[in-house]
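Taking it in order: structure first as structure tokens, then the write-up.
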Amino acid sequence: MDYLYVTVREATDNDIPAIMEIEGLCFSNPFPESHIKYEMHENPVSNFWVIELEEKTQNLKSVVGFCDYWHTFDSATIVQIAVHPELQRKQLGSAMMDEIINDCYAKKVQTLTLEVRKGNTKAINFYLKHGFKEELVKPHYYDNGEDALYMIRKVED
Ligand SMILES: CC(C)(COP(=O)(O)OP(=O)(O)OC[C@H]1O[C@@H](n2cnc3c(N)ncnc32)[C@H](O)[C@@H]1OP(=O)(O)O)[C@@H](O)C(=O)NCCC(=O)NCCS
């Protein structure tokens, strides 16, 4: 199938099945649906977006990734970003990251931060490619005892 359009947009309840599938495929400790709904509807600092592919001739649309980031005053934090495993390394994560960074500029955010598992090499490479720097290690940050890398990207100086 030829996907001709790529859109990053706010998530809706109709997207929840696709989000939950990707969540389960991408994360060893996936969030439950109740958490996703909280992020989408109740958390006042959350921005929850999906990336959708559209095949023009048959008008088929598929949600193939999502991201969740929190904005508070002049800082922001990426909570999750994920692309369906069958469609990774096709610049779809980058399309979402570009939208996040553009939104940060628009909101005059100065620093964008995140935590990532120290062993998650592909995500670390992804963040390095998008201008994040390794700031410090948070020992035993995750439930299984794994360390987190705390990474920062300056948005506005
Ligand atoms: C991290 C993630 C969102 C990246 O999305 P993606 O669409 O696959 O990434 P992109 O195609 O935009 O890659 C952009 C750059 O990131 C780096 N990168 C991405 N995947 C990589 C991999 N498997 N190995 C090494 N570098 C990688 C590369 O520098 C790549 O640029 P290039 O392809 O020109 O070399 C995706 O791998 C994913 O969903 N992982 C599982 C969930 C996860 O771990 N999320 C992060 C923690 S919340």
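Of note:
- GNM flexibility winner over the chain from L114, L92, L60 (Cα, springs under 10 Å): L60
- Using C-alpha pairs below 8 Å separated by at least 6 residues, the relative contact order for segment 102-157 is 46 percent.
- Compactness of the chain is given as radius of gyration and Dmax, 15.6, 51 Å, from Cα positions.
- Using R0 = 35 Å, the C-beta based FRET efficiency linking E134 and Y38 works out to 0.70.
- Vicinal HN-Hα couplings computed from phi for segment 72-89 (Karplus, 6.51 cos²θ - 1.76 cosθ + 1.60; Hz; Gly/Pro x): 9, 6, 9, 10, 8, 9, 7, 8, 8, 8, 8, 10, 3, x, 6, 10, 6, 6
- Averaging Cα coordinates gives a centre for segment 4-62 and one for segment 108-150; these two points are 22 Å apart.
- Degrees, to the nearest 10: 16-26 long Cα axis against longest axis of the chain: 50
- Note on surface exposure: E52, E146, E86, E135 rank E86, E135, E146, E52 by accessible area, highest first, 1.4 Å probe.
- Test item: Cα-centred dipole of segment 5-154, Lys/Arg +1 and Asp/Glu -1 on Cβ, debye: 660
- Taking only protein heavy atoms and a 1.4 Å probe, the accessible area of the chain is 48% carbon and sulfur.
- Amide proton proximity set for E135, modelled H, under 5 Å, gap of 5+: Y150, M151, I152
- Taking one quarter of the surface of the C-alpha convex hull of segment 93-132 gives a mean projected area of 2.8 nm².
- Per-residue SASA remark: D74, around 80 Å² accessible (1.4 Å probe; ligands, DNA and RNA not included).
- Once C-alpha pairs closer than 8 Å and six or more residues apart are averaged by separation and normalised to the residue number of the chain, the relative contact order reads 18 percent.
- Heavy atoms of the protein chains alone define the surface here; on that basis segment 5-154 has 56 Å² accessible area per residue at 1.4 Å probe size.
- Applying the Karplus relation 6.51 cos²θ - 1.76 cosθ + 1.60 with θ = phi - 60° to segment 33-41 yields 3J(HN,Hα) values of 4, 4, 5, 4, 5, 4, 4, 6, 10 Hz, where x marks Gly and Pro.
- Solvent accessible area, Å² - L136, 1.4 Å probe, full protein context: 80
The values are calculated or read from the model by the stated rules, or taken from the named source; none is laboratory data. Remember, it's a predicted structure, so these values are computed and weren't measured experimentally. Note that each Cβ is placed from the backbone with ideal geometry, even for glycine, and that neighbours are counted across all protein chains shown. To get the accessible areas, we keep the full protein, side chains included, count just its heavy atoms, and leave off ligands, DNA and RNA. Shrake-Rupley method; radii C 1.70, N 1.55, O 1.52, S 1.80 Å.
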